[in-house]
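The values are calculated or read from the model by the stated rules, or taken from the named source; none is laboratory data. Not measured: the values here are computed from a predicted model. Ideal geometry is used to build each Cβ from the backbone, glycine not excepted, and the neighbour counts take in all protein chains shown.
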Amino acid sequence: METKNRGDLLINGFGSSNGGSFHAVTINGKGTVIGDVECSELDCNGSGSITGDVVVNQARINGHGKINGNMECQVLSVEGAAGVTGNLRVEMLKVSGKAKVGGKIKGDEIKIKGRLTVGEDCEAESFRAESQFSIGGLLNADLIDITLFADCDAKEIGGQTILIKQKNSLLGIFKSFVRTQLKTECIEGDKIEIENTKAGMVRGNQVVIGANCEIEVVEYSGEFTMDKNSIVKDIRKI
Amino acid sequence: MSNKNKDGDFTSVTVLCYIIVMKGVFTMSEELISKKDLLDEAGISYGQLYRWKRKDLIPEEWFIRKSTFTGQETFFPKRKILDRINKIQQMKENLSLDELADMFSPNIADLLLEKDELVKRNIVSTTVLDYYLEIEKGGLTFNFSRLLEVYVLEKLLQSGEINLEEGKMLLQVLVDNKALIKQKKAELVITRKLGVSSCLLLINTENFHFERSTKIVAQLSLMACMEEIKSKLV
């Protein structure tokens, strides 16, 4: 993308603009952009909204950013609240605040420390979350590493290595009162280690069921171990 | 299905059929395989299957959800998926997954090949190529959709299933429906009845049936043709 010779779009305070091709787009304050945007840097501090599809190299959303359309970017970091109504295609996604995507996420590396809501599928090579999340479709990644901070749910989870663990609580007493749980219909992977999970079906090669799980059926082909605090209704070796 | 033109000989009428079927619905005639059995049979792991799905090597439509007594299960069209996995396993030695994905996806946008290149790569013979250019009257540079047209023509003419006149008719159908062919799962069917032939382009079709006296001369999946071309180009 040749962006060096393009102009910048800068909105300080209240302002609105049409879309177009820019080098950098910066919104400080309350800015509205109507139309498709293509740029190499997008910076949103304050409250920004873009109605249209966005193609960008690097995007940072520090305040409140909303995109009514699809977004495609290399690096997206969210430190406030971000919303994309369409699909998000991203190589590296870091969320330290809150992100909501109406459609699908297709990415390489996803790191969440906060809250993530996805309407449809979420695909990545690695998905690391220390957070709360809700995924309407399939969570599909080579490595899924989840530390539960609050109730999470995904329709299905599939991948190679799937690790789900409970957050280590400093105040051990409260742990028994507030129990967080991940709910899903089905987990399928080669190596599965889960805690605090409620699932209909767990299928894998190496399956380790940790504490506080409620599972209808486990099917495994290699090894299987289970914590005594978990309930599994049916265990099948294939 | 036939009309008389001015010269008094018979030409056939081209029929174009659209039968739109819901995505992901397959008839019972297609044998299905459950995910578990598939992993067993193909000797792959969940990790691989999900990775290939992520890379779009396995189309979304092939994941068919059905409820069984154990809850929801995913099924695949058996023949297609085994075929595809076979191909992936053969080629992943030499190609990266991204390159493979390009091969399986039906849209190669910016491909341009010269006429000589096509002959050299053994995609089309010179005879067929000249015949194609004579009818189509285009330039010597081929983009993917023209490449597909000439390849289909080559395939059917070389196998002797159709004659030159039918080839002309076939080209007309392909040229008129360029845009459709690229995006959808298209199939080409050539039939003959009482010596009159006709050509149908079926988009996203499930099944079709003719009356008994109609003979299906050739049936060709354009998707498969695209893949064949791509594998020749790599």
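Taking each residue of region A:188-216 that is away from every other protein chain (no Cβ under 14 Å) and looking for partners that are surrounded by fewer than 22 Cβ atoms within 10 Å (Cβ to Cβ) and of a type in the set (Val, Ile, Thr) with beta-carbon atoms closer than 6 Å, six or more apart or interchain, yields A:Glu193/A:Val208; A:Val208/A:Thr225; A:Glu214/A:Ile231. Scanning region A:217-234 for residues that are of a type outside the set (S, T, N, Q) and more than 13 Å from every other protein chain (Cβ to nearest Cβ) yields A:Glu223, A:Phe224, A:Met226, A:Asp227, A:Lys228, A:Ile231, A:Val232. Inclusion of B:Ser159 among residues that are modelled with pLDDT of 80 or more, closer than 28 Å to B:Asp116 by Cβ and among the hydroxyl-bearing types (Ser, Thr, Tyr) is warranted. Counting residues in region B:131-150 that are surrounded by 14 or more Cβ atoms within 10 Å (Cβ to Cβ), within 14 Å of another protein chain (Cβ to nearest Cβ) and touching a helix residue (DSSP H, G or I) at 6+ places or on another chain (Cβ under 9 Å) gives zero.
Could you go through region A:166-178 and let me know if any residue there is within 14 Å of another protein chain (Cβ to nearest Cβ) and crowded, with 18+ Cβ neighbours inside 10 Å. For region A:166-178, residues within 14 Å of another protein chain (Cβ to nearest Cβ) and crowded, with 18+ Cβ neighbours inside 10 Å: absent. May I ask you to verify whether B:Glu154 is part of a helix (DSSP H, G or I), closer than 17 Å to B:Val119 by Cα and at pLDDT 85 or above? Yes, satisfied.
Which condition breaks for B:Phe75 when tested against (1) surrounded by fewer than 20 Cβ atoms within 10 Å (Cβ to Cβ); (2) part of a strand (DSSP E or B); (3) modelled with pLDDT of 80 or more? Looking at each condition in turn, B:Phe75 falls short on (1). Close contacts from region B:76-90, counting a first residue that is free of Cβ contacts under 8 Å to residues at least 40 places away in the same chain and a second that is surrounded by 16 or more Cβ atoms within 10 Å (Cβ to Cβ) and not in a helix (DSSP H, G or I), with Cβ to Cβ under 7 Å and a gap of 6+ residues or different chains, come to B:Arg84/B:Ile58; B:Ile88/B:Leu57.
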